[in-house]
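Here's the structure, in structure tokens; my notes come after.
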Amino acid sequence: MSETTQPTPFGRSNPPNEAWLGQQPTEPILEPDLPIIDTHHHLWQRPNHRYLLDELLADFNTGHNIVASVFAECHSMYRADGPEALRPVGETEFVAGVAAMSASGLYGPTRVAAGIVGFADLTLGDRVEEVLTAHIQASGGRFRGVRHSAAWDASPVIGNSRVDGPHLLQQADFRAGLARLTALGLSLDAWVFHPQLADVVELARAFPATTIILGHVGGVLGYGPYAGKSAEIFPIWKARMTELAACPNVFVKLGGMMMRLAAFDYGTAPVPPTSEQLAGYWRPYMETCIALFGAERCTFESNFPVEKMGTGFAVLWNAFKRIAASASATEKLALFSGTARRAYRLP
């Protein structure tokens, strides 16, 4: 099989084309001893795709030194019954079990899901404390925070999260829930699209005691109504990221740009890209983040298996290492593991 057959439905997560990925040339692993904490991956069993511990470890064990990981919510294994607000706790129960399997040492030295980021509906306001407490109790000491996605765009082509409008982060009920999250010492994983970044800036200023971890380089869009407009979008995105960088409570995750930036059409590309090509697509954004936030507030993420629609794991991390090639040894340690430990309070 020399190529895939359908144009990429950007903004939608689909199973990876394993035959196509198999054509990606094998690359030597760059800096194989550099310790990495992957700060964003999923685990799921879907009707058309399985990505559980075995599949994750098959990717982790492709040459890079993955020492630990952080699981990010993906609406996986919710409880089938009980109060609606508490059903997402099932995801934490499931991931805590996977983490316990990993912690046994029987699956190798990597500590999978050393941190767990789950979902709780923060618009419950003060009532969300019951849900957060249940997550903490179910996690085996690994629950670190919540991702309540606010990503929304007026264009139906973009593919929104489970929100009805652009300004979830401004809502009073959401902010009441965020106050309860903060009081429990938990963090917020913020996921928005780049036109919404002003809301994250305002939230970070209003809640300076809340650790906010911005996902996927700020959600830069490059498809649908944003296609071909990178020269116009980049300075707007950079201006907002500059404002965010002035908020010391904000970290940024470098990754997750495959299906939102849409820098290349992995649905029709004859072969997967090299790490040099990937680095070329993403470098302007990731280098800008590192320059603005510093290595001490930036951390790389795989966003697997979503990114696997466009690349293999080994090549992905080679691309990240190419982007960070000019960093000092101390900065590299921060970018690939140290910042992750601090942001997610990992042992």
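The table below gives the values:
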quantity	calculated
Residue in region 43-57 that is aliphatic (A, V, I, L, M) and closer than 29 Å to Thr123 by Cα present	yes
Matching helices (runs of 4 or more DSSP H) fully within region 1-113 where at least 1 residues are among the acidic types (Asp, Glu) and exposed (fewer than 14 other Cβ atoms within 10 Å of the Cβ)	18-21, 53-60
Neighbours by Cβ (under 9 Å, 6+ apart or cross-chain): first from region 320-339, without any contact (Cβ under 8 Å) to a residue 60 or more places away in the chain; second crowded, with 22+ Cβ neighbours inside 10 Å and among the polar types (S, T, N, Q)	Ala334/Thr299; Gly338/Thr299
Thr299 vs. criteria touching a Pro at 6+ places or on another chain (Cβ under 6 Å) and buried (at least 22 other Cβ atoms within 10 Å of the Cβ)	no
Residue list for region 252-281, filter: surrounded by 23 or more Cβ atoms within 10 Å (Cβ to Cβ), free of Cβ contacts under 8 Å to residues at least 60 places away in the same chain and within 24 Å of Ile66 (Cα to Cα)	Val252, Met257, Met258, Leu278
Residues satisfying the stated conditions in region 307-326, i.e. within 14 Å of Ile36 (Cβ to Cβ), among the small types (Gly, Ala, Ser) and either in contact with a helix residue (DSSP H, G or I) (Cβ under 7 Å, 6 or more places away or on another chain) or surrounded by 24 or more Cβ atoms within 10 Å (Cβ to Cβ) (or both)	Ala319, Ala324
Ala295 over 18 Å from the mean Cα position of the chain (by Cα) and free of Cβ contacts under 8 Å to residues at least 60 places away in the same chain	no
Region 124-147: number of residues that are among the β-branched types (Val, Ile, Thr) and within 20 Å of the chain's Cα centre (by Cα)	1
Tally, over region 216-251, of residues that are surrounded by fewer than 24 Cβ atoms within 10 Å (Cβ to Cβ), part of a loop (DSSP other than H, G, I, E, B) and not hydrophobic (A, V, I, L, M, F, W, C)	6
Looking only at region 156-191, and only at residues there that are of a type in the set (S, T, N, Q) and at pLDDT 95 or above, the one that is surrounded by the most Cβ atoms within 10 Å (Cβ to Cβ)	Ser187
Residue satisfying condition, being of a type in the set (A, V, I, L, M) and in contact with a Lys or Arg (Cβ under 8 Å, 6 or more places away or on another chain), within set Ala334, Ala314, Ala340, Ala324	Ala324
Residue in region 161-180 that is under 18 Å from Ala343 (Cβ atoms) and either part of a loop (DSSP other than H, G, I, E, B) or touching a residue at least 40 places away in the same chain (Cβ under 8 Å) (or both) present	yes
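Yes or no, residue by residue, for (1) under 26 Å from Ser326 (Cβ atoms); (2) among the β-branched types (Val, Ile, Thr):
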| position | (1), (2) |
| --- | --- |
| Val192 | no, yes |
| Gln196 | no, no |
| Val220 | yes, yes |
| Pro225 | no, no |
| Ser230 | yes, no |
| Glu243 | yes, no |
| Lys253 | yes, no |
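Residues are listed down the side, and each one gets a yes or a no for (1) in contact with a strand residue (DSSP E or B) (Cβ under 7 Å, 6 or more places away or on another chain); (2) among the small types (Gly, Ala, Ser):
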position	(1), (2)
Arg87	no, no
Gly90	no, yes
Val98	yes, no
Gly105	no, yes
Asp121	no, no
Arg127	no, no
Thr133	no, no
Ser149	no, yes
Val157	no, no
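The values are calculated or read from the model by the stated rules, or taken from the named source; none is laboratory data. Remember, it's a predicted structure, so these values are computed and weren't measured experimentally. Counting neighbours? That spans all protein chains shown, and the Cβs are built from the backbone with ideal geometry, glycine included.
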